[in-house]
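Reading through the structure tokens given below for one structure.
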Amino acid sequence: MAAPDKLPMTIRGKAMLEAELKKLITEERPTIIRAIEEARAQGDISENAEYESAKERQGMIEGRIADIQGKLAGAEVIDPSQIKSDRIVFGAQVVIVDTESEEEFSYQIVGVDEADVKQGMISILSPIARALIGKKAGDTATVQSPKGDKEFEVISFKFG
């Protein structure tokens, strides 16, 4: 798994962040700079709502650019299709069943920025993922939740 200072992310997750970064730098940043210039051209900026709004948006854009650059610099990019493990690790596609309700769930364990529960992708830092790491098919994983502990049985898992 990743070193403590490196956050794991899939190739897909890296591509998503790179695409967002490119859009911020090539589209959003120039647009907001133009908006600030236009607001400045209107004269007194001390009471100019458009100027204040544009400056605030610029701060958010620059903050997100720095955030993405930091994440990419500190990422350990992993190709799940290349993983060979007899236990669940980052990148695994896991099928589990709630031992109480017998409801079945299918998740892929992905990086923090890739997580989308509706798409079946859970963060490596989520309670379910943390409970599943290191398990094998047939094992039971206990997930601590605000409503109490829940148990899931690992039906199967695969990579790729």
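If you go through segment 91-106 and keep only what is free of Cβ contacts under 8 Å to residues at least 24 places away in the same chain and either among the hydrophobic types (A, V, I, L, M, F, W, C) or on the phi < 0 side of the Ramachandran plot (or both), you end up with SER101, GLU103, SER106. With the structure loaded, tell me whether GLU47 is in contact (Cβ under 8 Å) with a residue 12 or more places away in the chain, acidic (Asp, Glu) and over 28 Å from LEU21 (Cα atoms) or whether it fails that test. Taking the combined requirement at face value, the residue does not satisfy it. With respect to the conditions (1) part of a loop (DSSP other than H, G, I, E, B); (2) over 11 Å from the mean Cα position of the chain (by Cα), LEU125 falls short on a single one, namely (2). Each residue in segment 138-160 was checked for being modelled with pLDDT under 95, more than 21 Å from ILE11 (Cβ to Cβ) and in a loop (DSSP other than H, G, I, E, B), and 2 pass. Need the failing condition index for ARG87 against (1) charged (D, E, K, R); (2) surrounded by 12 or more Cβ atoms within 10 Å (Cβ to Cβ); (3) under 17 Å from the mean Cα position of the chain (by Cα), just the number. Only one criterion in (1) charged (D, E, K, R); (2) surrounded by 12 or more Cβ atoms within 10 Å (Cβ to Cβ); (3) under 17 Å from the mean Cα position of the chain (by Cα) is unmet by ARG87, namely (3).
Of all the numbered requirements in (1) surrounded by 18 or more Cβ atoms within 10 Å (Cβ to Cβ); (2) among the hydrophobic types (A, V, I, L, M, F, W, C); (3) more than 27 Å from GLU20 (Cα to Cα); (4) under 22 Å from the mean Cα position of the chain (by Cα), ALA141 misses one, and that requirement is (4).
Filtering segment 44-55 down to residues that are acidic (Asp, Glu) and surrounded by 11 or more Cβ atoms within 10 Å (Cβ to Cβ), which residue is farthest from THR31 (Cα to Cα)?
Among those that are acidic (Asp, Glu) and surrounded by 11 or more Cβ atoms within 10 Å (Cβ to Cβ), it is GLU52.
Can you pull out the residues in segment 70-84 that are surrounded by 14 or more Cβ atoms within 10 Å (Cβ to Cβ) and not β-branched (Val, Ile, Thr)?
LYS71, LEU72, ALA75, GLU76, PRO80, listed by residue number.
Checking each residue in segment 16-43 for being among the small types (Gly, Ala, Ser) and modelled with pLDDT of 95 or more picks out only ALA19. The numbered conditions (1) at pLDDT below 95; (2) at positive phi are all true for GLY134 except (1). Considering segment 104-137, the residues that are surrounded by 16 or more Cβ atoms within 10 Å (Cβ to Cβ) and of a type in the set (Asp, Glu) include one that is farthest from THR10 (Cα to Cα), namely ASP113.
The values are calculated or read from the model by the stated rules, or taken from the named source; none is laboratory data. This structure is a prediction, so every number in the text was calculated from the model and none was measured. Positions of Cβ are generated from backbone atoms using ideal geometry, with glycine treated the same way; all protein chains shown enter the neighbour counts.
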